[in-house]
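Student: Okay, here's the structure, questions in a sec.
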Amino acid sequence: MEIIGTERSTQRSPRRRRWASVLAAAAVAASALVATQPATADAPWLTQLDGGYIRFTIPVASVEAAVGPVSQVVVEGNFAPSANWGQIGLSRSGANWSATFGPLDPGSYYYQVTGDDSKVMKDPTNPTSVASEPEWSTFFVAGDSAALLADAPQEAGNVTTLTYHSDVADEDRSALVWTPPGYNRNGKPYPVLYLQHGGGQGYRDWTEVGRAEQILDNLSLSGELADMVVVMGDGNVPDFTTELLDNLIPAVRDAYYVSNAKKDRALAGLSMGGVQAFRVLRDHPGEFAYVGVFGAGPSRFGDIADVPVEEINDLTTLFRLYVGNKTDIAYNDAFDSMEQFDALGLEYQFDGVNPDNGHNWNAWQENLIDFAPRLFHGRKQTGDPGFSDGHTALVERFEPPAAGSTPTPWITDDGFVTFETTTDFADAEYVSVWSNWGPGGSWVRVEASKVGDRWRATVGPLDPWSYYYRLIVDRVSVKDASNPTKVTSEPTWSTFFIPGEESRLLADVPAGDGGDLDVVTYQSTVAGQQRSAYVWTPPGYDPDRAEPYPLFVLNHGGGQSWTDWVEVGRARQILDNLALDGATEPMVVVMPNGNVSNFNAEILDNVLPAVEAGYHISSDPARRAMAGLSAGGARTAGMVKAYPGAFSQIGLFSAGFGSTSGIDVAAINAGTDLLRMYVGDITDFVYPSAMSSMAQMEAAGIEFEFDGITIGPHGWDPWQKNLIDFAPRLFHDAS
């Protein structure tokens, strides 16, 4: 079989099938299907599939035994944009709650299972644990971009537990200590990095969630890390500075072969731990030659006044600051802090804004990867003082409009979106925003926070594309009343658009440049009522031209209607842009209502005559095409089987062809110039049936094209991409 290229030919060529890819994809589908079988009591709740996909299969009985009966189950973790906290909704089917999700980027993930917004449980089948978050479990997705987070490929450093007495806490306390490969008591004593956790965390978090052991192992084995000892202490004490200087450092010195020289000490911390590190720098200049502040702004706590600037500048080899993007709660504090540092003349380095991560472990892992290799190479030899690759300057505070002052969503030029409810939900207990901002357009919920008598959430940066969302208030779907957009078939949905090159074909064209969009009303003999359809005509449509226009019938899916392709699918914008690019033949496109008892009769006897009466379209089947998504694809396939050749060019989006029993294969092949199949990835619930359907089509001898999956679930992101691919293939060689 030949692989179908993406270039469109203007000459008629034989229809081809890429069947090797179908077989490979079917194997993946089979592995996914295994995970959907009823789960046994001890079966893993989380299954990692090839390609970064994951499958959650959680027995209803296990949930009810842990937290009682619930009406909703989600998996919460770092699944939202910027690796922030987000929720994957699970569906109940039989004895299980389940969902397939992905593809996830390589990296480390942490999650918990939650029922009805507040009933939290640990995955008992995942042996990983996080002491400070007893309900959390973790997993790792391997890949080149996360190589430093992977287990070291060979024997590396060692992590041990140090127990010591704390006079501050008046108790025995613990710290974790990483020693480098080849650690011994010969030669020079080792320098030490003291690495602190954040608020609400503990001394084990850097290893249990942050993968510090793997990071340090891999940096050491690569030669990027100076030989050093790394101590991860417990910062949950009323006087951290005293705890560190008078208790932890002496205990480390007694138990490990480490230098007592201040030039051989470094201190870094994340969030609360970053503020603690700065306070030590401020109050005891020179105790640590290197200081790193990850995701924290000391200005928030009033810690910058009366800083001994000259002492710090003279005695500190490196003072380096880190912050995530606009979703990082430390973003504005970092900006304010650096303004004050500049005014005081305090010397520091800034790693730049991390554009991809917020206030979370993904950002802090990157901070450690950047900071640790800068240490202990000699006075002022701290590496490039500039930003990490891809990081950007922090030039101003992030200030969303005041509550109640603007309709939502409020969108910044760089793709951050702030949602705000009205005051109607002031008494709500839990509010989230559900949207297609997950991998491939999958749906992820993001928690909103109470701000006065409103709820707010900021999400981003979002890739340029079109988005649809709804508010979920105490487990009830609610329309964002401040957003005037609507989706008729989904009354609680609203939409918004992020412009950019990636979404160019979905953008509005300048007024007057695009085609016209009309509503045609006709009498349906099938439904016994008047019904409506959208009709798009191309730019420059001429009802008097000699040659009639070809016709493309574009069908919606189950539970949808004739308005969906325009209201959420952005078909008008796609068709306008493709036409203005010269990528499509001038054509008329009708988007009918397929919700009838006899779809074929509705199209042939009612829709087509109405369009023929009002528009200059061809009656030649070779100049007619039809496509549909999901149930609309099944209806399209039904038309092909019942009336082979009535439409010469066919597209099935996230739909199978169905049974091949009793069909006239020869007539279908003879009357069809193009039959092109599309399906999402394994998160698309029709994926297995679509693959099976193509196997049946191959066995029956039906000629079709399939150029591989469209990344994404059973949703509008893949269907928009399918239309963008399909429409330019029509009518170029049918005349």
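Student: For residues in segment 605-643 being more than 42 Å from the chain's Cα centre (by Cα) and of a type in the set (A, V, I, L, M, F, W, C), which is nearest to residue 536 (Cα to Cα)?
Tutor: It comes out as 617.
Student: Among all residue pairs at least 6 apart or on different chains, which show Cβ distances below 8 Å where the first residue, located in segment 495-511, is under 27 Å from residue 482 (Cβ atoms) and the second is in a loop (DSSP other than H, G, I, E, B) and of a type in the set (A, V, I, L, M)?
Tutor: Note: pairs meeting the criteria are 495/487; 495/568; 497/507; 498/462; 499/507.
Student: Now for a separate question. Yes or no: residue 293 closer than 21 Å to residue 353 by Cα, of a type outside the set (Lys, Arg) and either at pLDDT 95 or above or in a loop (DSSP other than H, G, I, E, B) (or both)? Steps first, answer last, please.
Tutor: Values: closer than 21 Å to residue 353 by Cα: yes; of a type outside the set (Lys, Arg): yes; either at pLDDT 95 or above or in a loop (DSSP other than H, G, I, E, B) (or both): yes.
So residue 293 passes the test.
Student: Just checking, how many residues over segment 390-403 are at pLDDT below 95 and surrounded by 13 or more Cβ atoms within 10 Å (Cβ to Cβ)?
Tutor: 2
Student: Let me ask something else about it. For segment 342-366, how many residues are aliphatic (A, V, I, L, M) and either part of a loop (DSSP other than H, G, I, E, B) or within 17 Å of residue 110 (Cα to Cα) (or both)? Spell out the reasoning first.
Tutor: First pass over segment 342-366, keeping only residues aliphatic (A, V, I, L, M): 343-344, 346, 353, 363.
Adding the requirement that they be either part of a loop (DSSP other than H, G, I, E, B) or within 17 Å of residue 110 (Cα to Cα) (or both) leaves 346, 363.
Number of matching residues: 2.
Student: Could you list, in sequence order, the residues of segment 539-566 that are of a type in the set (Phe, Trp, Tyr), surrounded by 23 or more Cβ atoms within 10 Å (Cβ to Cβ) and in a strand (DSSP E or B)? Outline the logic, then answer.
Tutor: Quick first cut of segment 539-566, residues of a type in the set (Phe, Trp, Tyr) only: 541, 549, 552, 562, 565.
From what's left, surrounded by 23 or more Cβ atoms within 10 Å (Cβ to Cβ): 552, 562, 565.
The answer is 552, and nothing else.
Student: Here are 628, 638, 658: which of them is in the same structural domain as residue 722 (by TED's automatic domain parsing) and over 18 Å from residue 696 (Cα atoms)?
Tutor: Working: 638 fails: over 18 Å from residue 696 (Cα atoms); 658 fails: over 18 Å from residue 696 (Cα atoms).
Criteria check complete, one pass: 628.
Student: Suppose the filter is touching a Gly at 6+ places or on another chain (Cβ under 6 Å) and either free of Cβ contacts under 8 Å to residues at least 40 places away in the same chain or surrounded by fewer than 23 Cβ atoms within 10 Å (Cβ to Cβ) (or both); does residue 358 pass it? Give the steps one after another, and end with the answer.
Tutor: Details: touching a Gly at 6+ places or on another chain (Cβ under 6 Å): yes; either free of Cβ contacts under 8 Å to residues at least 40 places away in the same chain or surrounded by fewer than 23 Cβ atoms within 10 Å (Cβ to Cβ) (or both): no.
So residue 358 does not fit the description; no.
Listed here are the residues, each with its yes/no results for (1) in the same structural domain as residue 329 (by TED's automatic domain parsing); (2) assigned to a strand (DSSP E or B); (3) on the phi < 0 side of the Ramachandran plot; (4) not small (Gly, Ala, Ser).
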residue: 398; (1), (2), (3), (4): no, no, yes, yes
residue: 404; (1), (2), (3), (4): no, no, no, no
residue: 414; (1), (2), (3), (4): no, no, yes, yes
residue: 418; (1), (2), (3), (4): no, yes, yes, yes
residue: 428; (1), (2), (3), (4): no, no, yes, no
residue: 434; (1), (2), (3), (4): no, yes, yes, yes
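Student: Among the numbered criteria (1) under 27 Å from the mean Cα position of the chain (by Cα); (2) closer than 30 Å to residue 136 by Cβ, which one does residue 393 miss?
Tutor: (2)
Student: Only one of these conditions is not met by residue 596: (1) outside any strand (DSSP E or B); (2) under 28 Å from residue 712 (Cα atoms); (3) not acidic (Asp, Glu). Which number is it?
Tutor: The number of the failed condition is (2).
Student: Which condition number in (1) in contact with a Leu (Cβ under 6 Å, 6 or more places away or on another chain); (2) crowded, with 22+ Cβ neighbours inside 10 Å is the one that residue 219 fails?
Tutor: Against the list (1) in contact with a Leu (Cβ under 6 Å, 6 or more places away or on another chain); (2) crowded, with 22+ Cβ neighbours inside 10 Å, residue 219 comes up short only on (2).
Student: Now for a separate question. Among (1) assigned to a loop (DSSP other than H, G, I, E, B); (2) hydrophobic (A, V, I, L, M, F, W, C); (3) closer than 22 Å to residue 205 by Cα, where does residue 75 come up short?
Tutor: Evaluating residue 75 over (1) assigned to a loop (DSSP other than H, G, I, E, B); (2) hydrophobic (A, V, I, L, M, F, W, C); (3) closer than 22 Å to residue 205 by Cα leaves (1) as the failure.
Condition check ((1) more than 16 Å from residue 518 (Cβ to Cβ); (2) surrounded by fewer than 20 Cβ atoms within 10 Å (Cβ to Cβ); (3) modelled with pLDDT of 95 or more) across all residues:
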| position | (1), (2), (3) |
| --- | --- |
| 583 | yes, yes, yes |
| 589 | no, no, yes |
| 592 | no, no, yes |
| 603 | yes, no, yes |
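Student: A further question follows. In the set 100, 114, which member is under 21 Å from residue 448 (Cα atoms), crowded, with 18+ Cβ neighbours inside 10 Å, polar (S, T, N, Q) and at pLDDT 95 or above? Give the steps one after another, and end with the answer.
Tutor: Details: 100 fails: under 21 Å from residue 448 (Cα atoms).
Every option except 114 fails the conditions.
Student: Tell me whether segment 497-505 contains one or more residues that are surrounded by fewer than 17 Cβ atoms within 10 Å (Cβ to Cβ) and assigned to a loop (DSSP other than H, G, I, E, B).
Tutor: So in segment 497-505, the residues surrounded by fewer than 17 Cβ atoms within 10 Å (Cβ to Cβ) come out as 499-502, 504.
So of that shortlist, the ones also assigned to a loop (DSSP other than H, G, I, E, B) come out as 499-500.
Yes, segment 497-505 contains a residue that is surrounded by fewer than 17 Cβ atoms within 10 Å (Cβ to Cβ) and assigned to a loop (DSSP other than H, G, I, E, B).
Student: Among the listed residues 226, 277, 268, identify the single one that is under 41 Å from the mean Cα position of the chain (by Cα), under 16 Å from residue 351 (Cα atoms), assigned by TED's automatic domain parsing to the domain that holds residue 194 and not aromatic (Phe, Trp, Tyr). Can you show your working first?
Tutor: On the way: 226 fails: under 16 Å from residue 351 (Cα atoms); 277 fails: under 16 Å from residue 351 (Cα atoms).
Answer to the check: 268.
Student: Additional query: Specify which of the listed residues (156, 169, 147, 175) is under 23 Å from residue 360 (Cα atoms), among the hydrophobic types (A, V, I, L, M, F, W, C) and either in the same structural domain as residue 216 (by TED's automatic domain parsing) or part of a loop (DSSP other than H, G, I, E, B) (or both). Spell out how you get there, then give the answer.
Tutor: Details: 156 fails: under 23 Å from residue 360 (Cα atoms); 169 fails: under 23 Å from residue 360 (Cα atoms); 147 fails: either in the same structural domain as residue 216 (by TED's automatic domain parsing) or part of a loop (DSSP other than H, G, I, E, B) (or both).
None of the other options fit; the residue is 175.
Student: Just for segment 153-167: of the residues that are surrounded by 15 or more Cβ atoms within 10 Å (Cβ to Cβ) and touching a Pro at 6+ places or on another chain (Cβ under 9 Å), which one is farthest from residue 222 (Cα to Cα)? Steps first, please.
Tutor: First pass over segment 153-167, keeping only residues surrounded by 15 or more Cβ atoms within 10 Å (Cβ to Cβ): 156-157, 159, 162, 164, 166.
Now narrow it down to the ones that are touching a Pro at 6+ places or on another chain (Cβ under 9 Å): 156-157, 164.
Values: 156: 11, 157: 13, 164: 33 Å.
Step by step, filter segment 153-167, then rank; the result is 164.
Student: Report, by residue number, each residue of segment 436-446 that is in a loop (DSSP other than H, G, I, E, B) and either surrounded by fewer than 23 Cβ atoms within 10 Å (Cβ to Cβ) or at pLDDT below 95 (or both). Full working, then the answer.
Tutor: Step one: filter segment 436-446 for residues in a loop (DSSP other than H, G, I, E, B), giving 436-438, 442-443.
Those that are in a loop (DSSP other than H, G, I, E, B) and either surrounded by fewer than 23 Cβ atoms within 10 Å (Cβ to Cβ) or at pLDDT below 95 (or both): 436, 443.
Student: Let me ask something additional. Does residue 363 fit the bill of being within 23 Å of residue 217 (Cβ to Cβ), at pLDDT 95 or above, of a type in the set (A, V, I, L, M, F, W, C) and assigned by TED's automatic domain parsing to the domain that holds residue 197? Steps first, answer last, please.
Tutor: Values: within 23 Å of residue 217 (Cβ to Cβ): yes; at pLDDT 95 or above: yes; of a type in the set (A, V, I, L, M, F, W, C): yes; assigned by TED's automatic domain parsing to the domain that holds residue 197: yes.
Criteria met by residue 363.
Student: Restricted to segment 292-336, and to residues that are within 31 Å of the chain's Cα centre (by Cα) and hydroxyl-bearing (Ser, Thr, Tyr), which residue is surrounded by the fewest Cβ atoms within 10 Å (Cβ to Cβ)?
Tutor: My answer is 331.
Student: Which of (1) within 30 Å of residue 223 (Cα to Cα); (2) crowded, with 20+ Cβ neighbours inside 10 Å is the odd one out, the single condition residue 136 does not satisfy?
Tutor: Of the numbered conditions (1) within 30 Å of residue 223 (Cα to Cα); (2) crowded, with 20+ Cβ neighbours inside 10 Å, the odd one out for residue 136 is (1).
Student: Could you please find all residues in segment 228-257 being closer than 12 Å to residue 180 by Cβ and either basic (Lys, Arg) or surrounded by 16 or more Cβ atoms within 10 Å (Cβ to Cβ) (or both)?
Tutor: Start the filter on segment 228-257 by keeping residues that are closer than 12 Å to residue 180 by Cβ, which leaves 228-230, 256-257.
Selection gives 228, 229, 230, 256.
The values are calculated or read from the model by the stated rules, or taken from the named source; none is laboratory data. Note that the structure is predicted; figures quoted are calculated from it, not measured. Here the Cβ is made from the backbone with ideal geometry for all residues, glycine too, and neighbour counts use every protein chain on show.
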